[in-house]
1. Any number yet on Rg/Rh for the range 260-311, C-alpha, Kirkwood?
2. Counting only other residues whose beta carbon sits under 11 Å from that of residue 237, what net charge do I get with K and R as +1, D and E as -1?
3. Run the numbers for residue 115 and residue 53: contour at 0.36 nm per residue of separation, minus the present Cα-Cα distance, in nm.
4. Express in nm, to one decimal, how much length is gained between residue 8 and residue 274 on full extension, taking 0.36 nm for each residue of separation and deducting their alpha carbon distance.
5. Tally Lys and Arg at +1 and Asp and Glu at -1 over the other residues with C-beta under 12 Å from the C-beta of residue 21: what net charge comes out?
6. Taking Cα atoms of the range 245-390, Rg/Rh with Kirkwood Rh, to two decimals?
7. For all pairs of alpha-carbon atoms in the range 116-267, what percent lies in each bin of width 5 Å, listed from the first bin to the last filled one?
8. Starting from the exponent 0.38 and prefactor 2.2 Å, build the expected Rg for the range 23-62 from its residue count and divide its actual Cα Rg by it.
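What follows is calculated from the coordinates using simple rules that are stated; it is not laboratory data. Note that the structure is a prediction, hence the values are computed from the model and not measured. With ideal geometry, Cβ positions are generated from the backbone for all residues, glycine too; neighbour counts draw on all protein chains shown.
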Amino acid sequence: MDFTFTEEQQAAVEAARAVFSDVAPDRAPSPALTRGAVAEDIDRRLWHELARTDLLGLTLSPDHGGAGLDPIALCLVLRESARVLARVPLLESCAVATALQRYGDRTLAAELLPRAGRGELILTIGANGRTGHDPAELAVSAKPYRDGDGGDDGPDDGGSGWVLDGVQTAVPWAQVADWIAVPAHTTGGRQVLALVPRTRDGVTLADQVSTNGERLAEVRLEAVRVEARELIAAAGCWDWLRSLLTTGTCALALGLGERVLAMTADYTGKREQFGFPVATFQAVAIQAADRYIDLRAMEATLWQAAWRISTGSGGPLPAAGDVAVAKIWASDGVRRVVQTAQHLHGGFGADTDYPLHRYHAWAKQIELSLGPAAAHEEALGDLLAAHPLG
């Protein structure tokens, strides 16, 4: 495999590093010291800076004012964002925008995507279902309606529009988003993706708080009407978007883990016992080396998954298999990295004046987002059963 990045992808990394270089991980209150959410809003200053440097339109086509790059470039930028715990919906907004561009109505895309790239509107998605453990598309039903009917007597073709009913839990940044993407299922059993304005009649939000102290919302939809163009019924759309979101989460795990290991190396290289840096002790070095191996495995599996969903290349398993492997490594790996970091920092790691506890909280959130390792191991097992190797 050749993981050499293109000049355009490397330029995106450099632009991201320049933007994030001014971001402090403790820009918001500590989740350990704050009751409820750590902040009411996203980091608006950072959001506008990302827009100014064209990083919000990274995967959008030039027709929509974007750079025309692929999900690999997005994952590279997400990796940088996680190093500083950037409090912006970069993954959610860019992923939904990319799916709309790839599968959605062209007129709606022309209306929304240039504004999304300029940071003028925020997109998010409910991808956790009703409980966080069931398929997200089964938590919401989409039934067709026709003007003048108000009913559900027509065929499963959308008619004049659709009516949505159901609940999506733990929707990130929902309170500040302008549009919420909602996976759903039709009466015919098709998977669809609806784009719903947050202020649409029938949409209600209940506050929730994530492990890292950021605001989430339970989004309840009661007889919410969406136009036909606001619902994407293209085959494979939701599966592709879910894979992109999962792979983006792996990129966040990698960036966070790399930053935490660097913090640990710096601390253990300066902290002395018996007149020697603790980093020179064999037990410390072995633990740090194990975590380095975790990060390299996380990196290799991440780029394999990102390459599959970016290019559509075939393989012995569907791309979902590579995504599952990447998330297994990301979930288990980032947990081990932060646990080892806490251990090697000693009591200093629990000091709320030091940022490590923030990274630990964010790591736990990332570990469980879009399914823990066990859920993806089960999914991988199903894929192997359906596609025997050899």
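1. 1.24
2. +1
3. Roughly 20.9 nm would be gained on extension.
4. 90.8 nm
5. In short, -2.
6. Rounded to two decimals, Rg/Rh equals 1.07.
7. Calculated over all Cα pairs of the range 116-267, the distribution is 2, 9, 16, 20, 19, 13, 8, 5, 3, 2, 1, 1, 0, 0 percent.
8. Scaled against compact globular proteins, the figure is 1.56.
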